[in-house]
Amino acid sequence: MTVGENPLRKEGISKLDGTARYVDDLVLPGMLFGRTVRSTIPRGIIRSIRFDPSFDFSKVVVADYGDIPGPNCVPLIERDQPLLAESVINHYDEPILLLAAETKELLEAAHSAITIEYDEHPPIFEMERSDHIFKEYVIARGDTDVGFARAAHIITGEYRVPHQEQLYIEPQGMIAVPSSDGSLKILGSLQCPYYVHRAIKEIFDLTDDKVTVIQTTTGGGFGGKEEYPSMIAAHTALLARKSGRPVKLVYDRAEDIAATTKRHPGTIKHRTGIDDEGRIVSSEIEILLDGGAYVTLTPVVLSRAAIHASGPYVCPNIRITARSVMTNTPPNGAFRGFGAPQVTFAYEMQMEKIAATLGIDPVTIRKRNMLHEGDITSTGQVLKWSVGSEAVLDAVLERSDYENRRRELEKQSVDASKRRGIGLSFFFHGAGFTGSGEAKMKAKAGIELTDDGTVRILAGAAEIGQGAGTTLCQIVADELGVDFDKVEIIDPDTSLVPDSGPTVASRTCMVVGQVLLMAARELKEKGLRKAFYSYSSPPGIDWDDETYTGDAYPAYSWGAEVVEVEVDMDTFETRVVKITTAQDMGRAIHPMIVEGQIEGGTLQAVGYGLFEDVVMENGRVVNNRMTNYIIPTSLDAPDMETILIEKEYPYGPFGAKGIGELPMDGAAPAIAAAVFNATGAFVEQIPITPERLMEKLVD
């Protein structure tokens, strides 16, 4: 058995010895380099495009919207985002033209020889001012008016969360290779090969067999390489088609940060009715998210935000209204957590506020309200299995010695130049697609035996640094009873592997892993050499897309976190000293990979809570460098203790659920709670920069 063990990662050696080939490592015969010409205003109309006659444009391939053979849009939930602007500009850095040349120097010169003039229109940057609604949801149970009438206390709060840049270590990049028969091959850094496959088919009006998408070694994604690669793939394909040569387009860091999607910023308002014992009896929550200039995946992000908005707490009377709007800023899209980190910060700070207002201990307020097995969520879902709520909270409190440490810190001098504080967060995250998403997707994957006895996995699941390739091989090896080294997984190639769904939503291990386990079982039991299987939802799962009620997710992963911080009362800087986290993933297929996911996601969430602040001027990202977009470094990484809780999920492979996104949810509110404990400053907005904290304390 390898499940529960830590075999060497399948792709580990190639990444260590440098033999792994990322997209920018690839050089093809006759290949050109590509570049994008982008808008320099946030909103308006293109008046003219002037090509400097002193520059020899015969050496450069230029493509505009007129070269697109199919619809000029990036196919996602809506068809509102143009592949290249025709006349209307809706955000700064919107793509207008594409260039290709034999050298990057020639590209730079060509770019400088193009002048675009505009008629500027008044932009809208503040989401509160926008009346262009992308999507709305309402989730309701019980009667909130009756609940508030019975409440002994009504507590309100308003919380603001920012943009966040994914900042994967490898920027966006694609290569397109044209063929004489009109077919296109796309190679690149991506999470979802079949998203790109569909986009290229539609934009170029091609059949399935005329488009091949191959994932190259990918240096991180965090959601940023979910939907955006369709855009850059189509750009390279357009240049390749026009030039008749392979084209590679790789963004530098400045363009990547400035032009690609971010986490949705938002405002979340809570109105909570509490009885005399500190139990929630009624709750009204309003969510407003900024979608940016185009829809992209905003409805799905908003959906998850709405479903998670009340947190892992019981509330008999609840009404959640969620709305996303358009602004003239670069579009926002997928980012690890997908709406849950935004609302988790809000609901956990609201719980802190309730505890402080009523004089109840933060642990007690959570224990009195937490969901248990058999309880009902905001969508009316009865929690049937794998509920790790009590286990994660008890484990983290015991391991961190939370209560004793909190009492010790109460004794420190209020005049100390550096003050310590301790904070707690408790959270959950739905694993897999929301509602009927998995049932509609019907993820498919397969297993085949080769002539040399190797077991080969055929799946579209992308390895993006999270260890999915290794984990899936462990599942198949143990189900077949073969040696782990005898199992291999091929890189996703749409001409060779079926569509097992996108590598998103904490679904790869739980969903694709289960599909592969069933395919392996079928292969073994029927004595086949190749077997394919498609996902089916667990029994009793029921979801209504119209009323937004029912079983939102087949299972939830659960987490609890204790954070200790030190605040410098002279500079107002906050340093995270220690994080203790307990997280329930059902079953740790590869414990070391799971711990790595938790530690990495938690540190990413530290950045969300303390450092990361996208600065825009006139709708343009101005801190688009790693020198001024600040993320945690190794010097900021705190002592971190990770506790794995395994409440097995009966319909996941060997009991596994999802773990990829859960670690992103808990650190920001726990840090804010610890700052509150240390200084008395209750923070409603992140990141908690020194300037923002100073304003709180000086006031």
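Things worth noting here:
- Hey, VAL74 within 19 Å of PRO178 (Cα to Cα), assigned to a loop (DSSP other than H, G, I, E, B), among the hydrophobic types (A, V, I, L, M, F, W, C) and within 32 Å of the chain's Cα centre (by Cα) or not: no
- Flag if LEU97 is buried (at least 18 other Cβ atoms within 10 Å of the Cβ) and outside any loop (DSSP other than H, G, I, E, B): yes
- ARG79 passes every criterion in (1) under 25 Å from the mean Cα position of the chain (by Cα); (2) more than 21 Å from SER243 (Cβ to Cβ); (3) surrounded by 20 or more Cβ atoms within 10 Å (Cβ to Cβ) apart from (3).
- Residue check for ASP665: in the same structural domain as ARG406 (by TED's automatic domain parsing) and either surrounded by fewer than 22 Cβ atoms within 10 Å (Cβ to Cβ) or modelled with pLDDT under 95 (or both): no
- Unique residue being more than 19 Å from LEU249 (Cβ to Cβ), touching a Cys at 6+ places or on another chain (Cβ under 7 Å) and either of a type in the set (D, E, K, R) or at pLDDT 95 or above (or both) when the list is ARG43, ARG79: ARG79
- Among the candidates LEU206, LEU239, LEU249, residue that is outside any helix (DSSP H, G or I), buried (at least 20 other Cβ atoms within 10 Å of the Cβ) and aliphatic (A, V, I, L, M): LEU249
- Within the stretch 513-531, one or more residues are over 23 Å from the mean Cα position of the chain (by Cα), farther than 26 Å from LYS384 by Cα and either outside the structural domain of ILE457 (by TED's automatic domain parsing) or in a strand (DSSP E or B) (or both).
- Yes/no for ALA445 being surrounded by 24 or more Cβ atoms within 10 Å (Cβ to Cβ) and closer than 26 Å to LEU167 by Cα: no
- Any chance ASP499 is in contact with a helix residue (DSSP H, G or I) (Cβ under 7 Å, 6 or more places away or on another chain), part of a loop (DSSP other than H, G, I, E, B) and not small (Gly, Ala, Ser): yes
- Out of GLU348, GLU403, one residue alone is out of contact with any strand residue (DSSP E or B) (no Cβ under 8 Å at 6 or more places or on another chain) and either part of a helix (DSSP H, G or I) or farther than 30 Å from GLU612 by Cα (or both). It is GLU403.
- Given (1) crowded, with 22+ Cβ neighbours inside 10 Å; (2) closer than 28 Å to GLN342 by Cα; (3) in contact with a Lys or Arg (Cβ under 8 Å, 6 or more places away or on another chain); (4) not aliphatic (A, V, I, L, M), number of the condition GLU226 does not satisfy: (3)
- Being more than 25 Å from MET664 (Cβ to Cβ), of a type in the set (Asp, Glu) and modelled with pLDDT of 95 or more holds for only one residue in ASP256, ASP208, and it is ASP208.
- Note on the stretch 354-404: residues that are within 29 Å of ALA681 (Cα to Cα), of a type in the set (Val, Ile, Thr) and surrounded by 15 or more Cβ atoms within 10 Å (Cβ to Cβ) amount to 6.
A quick yes/no check of all residues on (1) out of contact with any strand residue (DSSP E or B) (no Cβ under 9 Å at 6 or more places or on another chain); (2) β-branched (Val, Ile, Thr); (3) closer than 30 Å to VAL615 by Cβ; (4) not assigned by TED's automatic domain parsing to the domain that holds ALA334:
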site: ARG241; (1), (2), (3), (4): no, no, no, yes
site: VAL250; (1), (2), (3), (4): no, yes, yes, yes
site: HIS270; (1), (2), (3), (4): no, no, yes, no
site: ARG279; (1), (2), (3), (4): yes, no, no, no
site: SER282; (1), (2), (3), (4): no, no, no, no
site: THR298; (1), (2), (3), (4): no, yes, yes, no
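- Residue in the stretch 123-160 that is surrounded by the most Cβ atoms within 10 Å (Cβ to Cβ), counting only those that are among the charged types (D, E, K, R) and part of a loop (DSSP other than H, G, I, E, B): ASP143
- Unique residue being modelled with pLDDT of 95 or more and in contact with a Lys or Arg (Cβ under 6 Å, 6 or more places away or on another chain) when the list is GLY619, GLY586, GLY596, GLY601: GLY586
- Of all residues in the stretch 447-480 being part of a loop (DSSP other than H, G, I, E, B) and either without any contact (Cβ under 8 Å) to a residue 12 or more places away in the chain or of a type outside the set (Gly, Ala, Ser) (or both), the one that is nearest to PRO7 (Cα to Cα): GLN466
- Qualifying residue in the stretch 9-20 (condition: outside the structural domain of CYS192 (by TED's automatic domain parsing), under 28 Å from GLY219 (Cβ atoms), of a type in the set (Asp, Glu) and in contact (Cβ under 8 Å) with a residue 60 or more places away in the chain): yes
- Residue under evaluation SER425, criteria (1) under 24 Å from the mean Cα position of the chain (by Cα); (2) at pLDDT below 95, criterion not met: (2)
- Any chance ALA356 is more than 30 Å from GLU617 (Cα to Cα) and either touching a Leu at 6+ places or on another chain (Cβ under 9 Å) or in contact (Cβ under 8 Å) with a residue 12 or more places away in the chain (or both): yes
- Selection count where residues are part of a helix (DSSP H, G or I), within 29 Å of the chain's Cα centre (by Cα) and either of a type in the set (D, E, K, R) or more than 27 Å from VAL281 (Cβ to Cβ) (or both), scope the stretch 368-395: 3
The values are calculated or read from the model by the stated rules, or taken from the named source; none is laboratory data. Keep in mind the model is a prediction, meaning the values are calculated, not measured. Using ideal geometry, Cβ is built from the backbone for each residue, glycine included, and neighbour counts are taken over all protein chains shown.
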